[in-house]
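Structure first, then comments.
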Amino acid sequence: MIYDFLAMKLHVFNPEHDLALASGIANFTAPHAGRALRADLGFIPALWADDGDAILVENQAEAQRKYHRLIGVAKKERRDVQFVTKHDLRKLSLTGVEPWGWDLVLRSQLLRYGVDEGLLPTVDGIGIIRELSHRRHAAMLLDETDVLGTVGEACCCSSADEIEEKLQLHPCTVLKAPWSSSGRGIRFVEGELTPSLRGWMTNIIRTQGGVMVEPYYPKVKDFAMEFYSDGQGNVSYLGLSLFHTVNGAYTGNILAHEEVKQEMISRYVSTDTLLQVQERIKVLTGAMYKGRYKGPFGIDMMVVKGEETERNLLHPCVEINLRRTMGMVAHYLTSPDPTVRRLMRVTLEGRYKLRTRKLI
């Protein structure tokens, strides 16, 4: 293989990142679904890579074909990137590495593949990312995003007795593991704890040091905001991530112009509240990540049905994803034409596929 570029940045799609980060170890083996998702959709970073960059994939020809098909359907400009395999990495003159998310597993893999250790975060640096990914930071951000029209509380309990005290305060409660992925590690409690729940709590406290406890809120709509931290105390807003649902079930991400998405979410919660929350989060996370984290992150939010009034409320920080997100993938696939609306979804048809189609 002859490469056209002497120096390039390496991009890696590692969707098993959340599980790897939760494990806290370098020799973690992801479940089959995570490994398959990485193998099938490894070409995705080509959407945001710069011309001349390299994308780590398992099959170069297949990645090239899938990428060309996707941008053809989405009518996006093709990036002049190189798809490379792990066997090629020792031959490349890399200037940097940008993964979906940093964890010890990926660091260990790249070292084995011959990537210069100087291009990778240190073990301590990844430890900082893991610590910042603990759900207590979402609880802290939630507590300090005290904007009119918002709601939400959460705390980290380190004992079963402390959890049981919190359970008495609300008719229905949500328990969350400090680190988990895609809905894993979440339990709903209504009434007394079952033996099964007690066992789960005991295990999470033993392995992760505590359990997050928060009231159950009657959800009206899920969405997210996407941001970027420069690591120097400055955070920029990238846009909204809106989800498409059918009968309340997630079916994909909406691809639409930012003004269109703003109008869509304003049907549920005021634009003024959204803008205030956005600005508050930029200030708070700028301070939180200064000197500690450089890269993209997303914040999951939800619109909540108000209990005392007919007005909806905004839960401004359900979860922080300290990595790239599918909402960011949607951002790069969105047409600049404000009249075009599409749906992006990942399907499993023997293999994982990223598809887009027009929204009626």
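Computed quantities for the displayed model
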item: Test: residue in the stretch 243-251 that is among the hydroxyl-bearing types (S, T, Y) and surrounded by 15 or more Cβ atoms within 10 Å (Cβ to Cβ); result: no
item: Counted residues, the stretch 255-264 - those being in contact with a helix residue (DSSP H, G or I) (Cβ under 7 Å, 6 or more places away or on another chain) and either farther than 23 Å from R345 by Cβ or open to solvent by less than 40 Å² (accessible area, probe 1.4 Å) (or both); result: 1
item: Members of the stretch 342-353 found to be open to solvent by 10 Å² or more (accessible area, probe 1.4 Å) and assigned to a strand (DSSP E or B), listed by number; result: R342, R345, V346, T347, L348, E349, R351, Y352, K353
item: Out of R206, R136, R187, sole residue that is basic (K, R) and under 21 Å from M288 (Cα atoms); result: R136
item: Considering residues of the stretch 6-39 that are out of contact with any Phe, Trp or Tyr (no Cβ under 9 Å at 6 or more places or on another chain) and either within 18 Å of T85 (Cα to Cα) or outside any loop (DSSP other than H, G, I, E, B) (or both) only, the residue most open to solvent (accessible area, probe 1.4 Å); result: L6
item: Members of the stretch 45-66 found to be part of a helix (DSSP H, G or I) and under 21 Å from the mean Cα position of the chain (by Cα), listed by number; result: P45, A46, L47
item: Top-ranked residue in the stretch 220-231 [being part of a strand (DSSP E or B), within 23 Å of D18 (Cα to Cα) and among the charged types (D, E, K, R); ranked as nearest to the chain's Cα centre (by Cα)]; result: E226
item: Selection status of T339, among the β-branched types (V, I, T), more than 30 Å from Y289 (Cα to Cα) and loosely packed, with under 15 Cβ neighbours inside 10 Å; result: yes
item: Subset of the stretch 149-165 that is on the phi < 0 side of the Ramachandran plot and among the small types (G, A, S) - its residue that is surrounded by the most Cβ atoms within 10 Å (Cβ to Cβ); result: A154
item: Tally, over the stretch 125-144, of residues that are part of a helix (DSSP H, G or I) and under 24 Å from H11 (Cβ atoms); result: 7
item: Check on E131, within 19 Å of the chain's Cα centre (by Cα), modelled with pLDDT of 95 or more and exposed (fewer than 15 other Cβ atoms within 10 Å of the Cβ); result: yes
item: Criterion: open to solvent by 40 Å² or more (accessible area, probe 1.4 Å) and either assigned to a helix (DSSP H, G or I) or modelled with pLDDT of 95 or more (or both) - qualifying residue of G72, G42; result: G72
item: Any chance D103 is among the charged types (D, E, K, R) and more than 30 Å from M8 (Cβ to Cβ); result: no
item: Output for the stretch 86-117, where each listed residue is in a loop (DSSP other than H, G, I, E, B) and farther than 18 Å from E16 by Cβ; result: L92, G114, V115, D116
item: Matching option when the condition is of a type outside the set (A, V, I, L, M, F, W, C), part of a loop (DSSP other than H, G, I, E, B), modelled with pLDDT of 95 or more and surrounded by 16 or more Cβ atoms within 10 Å (Cβ to Cβ), among R292, R323; result: R323
item: Qualifying residue in the stretch 269-289 (condition: within 27 Å of S180 (Cα to Cα) and touching a Cys at 6+ places or on another chain (Cβ under 8 Å)); result: yes
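Quick grid of which residues meet (1) under 21 Å from the mean Cα position of the chain (by Cα); (2) within 30 Å of P31 (Cα to Cα); (3) of a type in the set (A, V, I, L, M); (4) modelled with pLDDT under 95:
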{"position": "R136", "(1), (2), (3), (4)": "yes, yes, no, no"}
{"position": "M140", "(1), (2), (3), (4)": "yes, no, yes, no"}
{"position": "L169", "(1), (2), (3), (4)": "no, no, yes, yes"}
{"position": "L175", "(1), (2), (3), (4)": "yes, yes, yes, no"}
{"position": "S180", "(1), (2), (3), (4)": "yes, yes, no, yes"}
{"position": "G183", "(1), (2), (3), (4)": "yes, yes, no, yes"}
{"position": "R187", "(1), (2), (3), (4)": "yes, yes, no, yes"}
{"position": "E192", "(1), (2), (3), (4)": "no, no, no, yes"}
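The values are calculated or read from the model by the stated rules, or taken from the named source; none is laboratory data. Computed from a predicted model, the values in this text were never measured in an experiment. Here Cβ is always computed from backbone atoms with ideal geometry, including for glycine, and neighbour counts include all displayed protein chains. Just the protein is used for accessible areas: all its heavy atoms, side chains included, with ligands, DNA and RNA removed. Shrake-Rupley method; radii C 1.70, N 1.55, O 1.52, S 1.80 Å.
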